[in-house]
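Okay, so here's the structure we're looking at.
Throughout, read-outs are computed from the coordinates displayed, never taken from laboratory work. Given the structure is predicted, the values throughout are model-derived calculations rather than measurements. Backbone-built Cβ (ideal geometry, glycine too); neighbour counts: all protein chains shown.
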Amino acid sequence: MITLFDDGDALARGAAELFVAQALEAITARQVFSVLLAGGATPRRTYQLLAKEPYISQLPWECVHFSWGDERCVPFEDPRNNALMAHKALLAHLPIQPEQIHALPCTLSPQEAADAYQVELETFFNGKPPSFDLALLGLGSDGHTASLLPESAALDEQQKWTAVTRYIEEDFSRVTLTVPILNQARVVLFMVVGRRKAQVVKDVLSRSNIKSPYPAQLIQPVSGDVRWFLDREAASMLDEKNVSIEQ
Ligand code: 6PG
């Protein structure tokens with residue numbers, strides 16, 4: 001389902017409301033809410049909203065467990081680190097314990113970090129493939145999501161829960177959850193803002209290139225519940241005749 005918002009702030013409020021609703025549902029049903037946080041810039045506003053009223057008092061944060069869909073293999077203190085962004089915008093402001101945060105150990109080599117992250121998730125999910133209650137994802141202009149990068153071998157990984165990827169032009173590797181794991185999520189929420197994403201949003205949502213799908217097109221949760229939150233700029237090239245949009 002696609003939901004349009006006037007701008008990034010309205011989208012962030014919508015995402016915070018969905019986060020709270022999904023969390024309350026999961027906690028009522030299973031006493032725990034496991035959320036996969038997205039990196040990049042878009043989710044920051046949502047995280048900042050969740051860290052204050054009216055949202056922060058709506059959840060029993062001791063029941064929430066935080067993981068990431070991907071991480072850049074840079075030190076935690078590096079501004080490119082996804083966990084640092086979430087820590088500053090949200091986690092540092094919450095009444096939570098360190099055991100509720102399942103981050104990647106960036107001090108290891110990329111493959112060691114990927115392996116260690118799988119062990120961390122195996123432990124938390126008792127060895128079963130993780131089924132996150134809510135997976136927050138972004139969309140890159142090249143159609144990547146998490147760090148599932150175009151033409152990367154990670155796109156074909158069906159057994160492991162994590163994989164190492166790298167853009168040739170970047171001086172760091174990335175660790176990403178793999179497609180089967182992301183597709184185990186109960187709800188996937190893509191958050192996309194800005195005119196520079198309009199073309200890739202159109203390409204991904206119009207399903208015009210199914211022969212060589214964008215990484216984001218591989219995200220089709222087995223639960224079937226994938227939500228797209230777009231601001232009007234990111235949705236500006238969508239043809240409302242061939243995609244259904246909830247206003
Ligand atoms: C990352 C993110 C990545 C991000 C998209 C969109 O670590 O880079 O996980 O998948 O979500 O690139 O990034 P923006 O929100 O900054 O546009």
(request) At a temperature of 20 °C and a viscosity of 1.002 mPa s, determine how fast the range 105-199 diffuses translationally according to Stokes-Einstein, using the Kirkwood radius over alpha-carbon pairs as Rh; express D in µm²/s, rounded to the nearest whole number. (result) 150 µm²/s
(request) Could you let me know the centre-to-centre spacing of the range 40-87 and the range 121-167, using Cα atoms, in angstrom? (result) 18 Å
(request) Please identify which residues in the range 70-104 have an amide N closer than 12 Å to a label point set 7 Å out from the Cα of Glu62, following the Cα→Cβ vector. (result) 95-97
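Identify the trypsin sites (Lys or Arg not before Pro) of the range 1-78 meeting these criteria: DSSP loop state and at most 16 other C-beta atoms within 10 Å of the C-beta.
Working: sites: Arg13, Arg30, Arg44, Arg45, Lys52, Arg72; in loops: Lys52.
Filter output for the range 1-78: Lys52.
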(message) What distance in nm lies between label points placed 7 Å from Cα along the C-beta direction at Asp7 and Gln199?
(response) 2.6 nm
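If you take all C-alpha pairs in the chain, what percent of them are over 33 Å apart?
Values: 3755 of 30381 pairs.
Summing the P(r) tail past 33 Å for the chain gives 12 percent.
If you stretched the chain out fully between Phe76 and Lys211, how much longer would it get, using 0.36 nm times the residue separation minus the C-alpha to C-alpha distance? Provide the component values of the computation, followed by the final result.
Numbers: separation 135, 0.36 × 135 = 48.60 nm, distance 3.81 nm.
Extending this stretch completely gives an extra 44.8 nm.
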(request) Compare the peptides 33-41, 14-22, 194-202 by average per-residue count of other Cβ atoms within 10 angstrom and give them in order, highest first. (result) 33-41, 14-22, 194-202
(request) Could you sort 138-144, 65-71, 169-175, 183-189 so that the peptide with the highest average Cβ count within 10 Å comes first and the rest follow in order? (result) 65-71, 183-189, 138-144, 169-175
